[in-house]
Structure formats: structure tokens, C-alpha cells
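Notes follow once the structure below has been shown.
The values are calculated or read from the model by the stated rules, or taken from the named source; none is laboratory data. All values reported here derive from a predicted model rather than from experimental measurement. Note that each Cβ is placed from the backbone with ideal geometry, even for glycine, and that neighbours are counted across all protein chains shown.
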Amino acid sequence: MTAVRVGPFENDDALDFLDDLEEAEPEERPQKVVRALHRVVRAQDYIEAPLMAQAVAAAAVVAGSVDPDCLGRERFRPRWIEEDPLEVDDDLDELAASVLRRALRHDDNEWWELWDEADATDEVTEVVSRYLDVLGD
């Protein structure tokens, strides 16, 4: 049996988001990341898996910009992050941490429910917690 891969870039929605960042001009990347994070943080209702997957990937990009070594275990880490990381201020740091905290809420997002159905919530919590630690949470 193959182990379930629970990294923030291990799904099609996250990979599409990373491709979008890869193809973007470096000065456009921060806006794209912030937009993905805001869509989740500002959402009042239940969050569908694709939206959360993109936001979790964006939060991992923020954490990787703070500490590129935290992405060392990820197969699909962004190639550009070590040479041209995002500038992370306190607001961006907190925004990314807010997304990761919400991702772990079992009551309002499909992303978590899918991991629960796959019996992988312990693994997902461990991965998300690693990024929260980098963000000082």
C-alpha cells in the first residue's frame, strides 16, 4: 500500500497554483499569494477543497520564504523560492498562519474532510503544524 502524500503541494489544485506562481513575474507573486490567502481568511461560509488547497499552498510558500529549509521534504517545492523569496512582513506572516489554522478546523472546510476520509488527519496536522512553527504560531 502506498502512503498518502499530505504535503501542501501534493494535489492538483495546489500544483496549478504553483504553476501560476512559477509563470508569474516575480513582482506579481506576492499579490497572487495574498489573494489566495484572503479568499480563505475572509470567507464566512464553508470552504471547498480547491480553494483551501490553494491557500494552504500559498501559506507554505510564505513559510518557505521565511525559512526555505522547511520545504526540504516537499517534492514539488517552488524552484524560485530560494533565489527570490517573498518579502514576509508581520501581516503576511499572520495571514498565512490564519489560513493554516483554519485548514485544521474540521467543521468548515472540505479539504480537512477529505483528509479525514483518507484517515490522514494526524499526518496533515503534523505537516501544517511544521509550517505554523515557521510562522511563529
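Assorted remarks:
- All conditions in (1) at pLDDT 95 or above; (2) among the aromatic types (F, W, Y); (3) surrounded by fewer than 18 Cβ atoms within 10 Å (Cβ to Cβ) hold for W80, with the sole exception of (1).
- Inter-residue pairs, beta-carbon under 8 Å, first assigned to a helix (DSSP H, G or I) and in the stretch 92-110, second modelled with pLDDT under 95 and among the small types (G, A, S), 6+ apart: D93/G136; A97/G136
- The single condition from (1) in contact with a helix residue (DSSP H, G or I) (Cβ under 8 Å, 6 or more places away or on another chain); (2) over 21 Å from G136 (Cα atoms) that R75 fails is (1).
- If the condition is being touching a residue at least 40 places away in the same chain (Cβ under 8 Å) and not in a helix (DSSP H, G or I), then the stretch 11-44 contributes only N11.
- Candidates E117, E87, E94, filtered to the one that is within 20 Å of A24 (Cα to Cα), modelled with pLDDT of 90 or more and surrounded by fewer than 20 Cβ atoms within 10 Å (Cβ to Cβ): E87
- If you go through the stretch 121-137 and pick out every residue that is surrounded by fewer than 17 Cβ atoms within 10 Å (Cβ to Cβ), part of a loop (DSSP other than H, G, I, E, B) and at pLDDT 95 or above, you end up with 0.
- Test: residue in the stretch 53-71 that is part of a helix (DSSP H, G or I), modelled with pLDDT of 95 or more and farther than 14 Å from Y131 by Cα: yes
- Members of the stretch 97-107 that are surrounded by fewer than 17 Cβ atoms within 10 Å (Cβ to Cβ) and of a type in the set (D, E, K, R): R101, R105, D107
- Candidates I81, I47 - the one that is farther than 17 Å from L132 by Cβ, in contact with a strand residue (DSSP E or B) (Cβ under 7 Å, 6 or more places away or on another chain) and touching a residue at least 12 places away in the same chain (Cβ under 8 Å): I47
- Any hit, the stretch 34-43, residues being farther than 15 Å from L95 by Cβ and either surrounded by 15 or more Cβ atoms within 10 Å (Cβ to Cβ) or at pLDDT below 95 (or both): no
- Some residue of the stretch 113-132 being of a type in the set (S, T, N, Q) and more than 18 Å from N11 (Cβ to Cβ): yes
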